[in-house]
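Below is one structure, written out as structure tokens; comments come after it.
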Amino acid sequence: MNTQELKVEMIRHNDTGETLSKALGITRGTLSKKMNGADADFTQSEMSTIIERYNLSSERATEIFFTHVVSNKDTEQEVS
């Protein structure tokens, strides 16, 4: 999950955590956990809703949902 890229799309579409969580039918806290990878992942249905809501291409959806950002003190890189 690339949280930063999902946040970019949220901003592009004037969405907030509150409005997106309502659209997904989950609490704001659950959305936060899913975005931060804390013991929760987005369901296929939730991903589909986000993809449709933001009109994401397959490539963009992959960047958001299936890319992990790995970082350490010296470098930051994406790993698919």
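Against the condition at pLDDT 95 or above and either of a type in the set (Val, Ile, Thr) or outside any loop (DSSP other than H, G, I, E, B) (or both), how does Leu31 come out, does it pass?
When the stated conditions are applied, Leu31 passes them.
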* Taking the stretch 34-48 as the search range and keeping residues that are in a helix (DSSP H, G or I) and among the small types (Gly, Ala, Ser), which one is nearest to Arg12 (Cα to Cα)? -> Ser48
* To do: Mind listing whichever residues of the stretch 19-66 are among the β-branched types (Val, Ile, Thr) and free of Cβ contacts under 8 Å to residues at least 40 places away in the same chain?
  => Thr19, Ile26, Thr27, Thr30, Thr43, Thr49, Ile51, Thr62
* Restricted to the stretch 36-48, and to residues that are buried (at least 17 other Cβ atoms within 10 Å of the Cβ) and in contact with a Lys or Arg (Cβ under 8 Å, 6 or more places away or on another chain), which residue is modelled with the highest pLDDT? -> Glu46
* the stretch 4-18, residues that are without any contact (Cβ under 8 Å) to a residue 60 or more places away in the chain and part of a helix (DSSP H, G or I) -> Leu6, Lys7, Val8, Glu9, Met10, Ile11, Arg12, Gly17, Glu18
* Structure fact -> The residue that is surrounded by the most Cβ atoms within 10 Å (Cβ to Cβ), considering only those in the stretch 49-59 that are assigned to a helix (DSSP H, G or I) and in contact with a helix residue (DSSP H, G or I) (Cβ under 8 Å, 6 or more places away or on another chain), is Ile50
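The values are calculated or read from the model by the stated rules, or taken from the named source; none is laboratory data. What you are looking at is a predicted structure, and each value in this text was computed from that prediction instead of being measured. Note: ideal-geometry Cβ built from the backbone for every residue, glycine included; neighbour counts use all protein chains shown.
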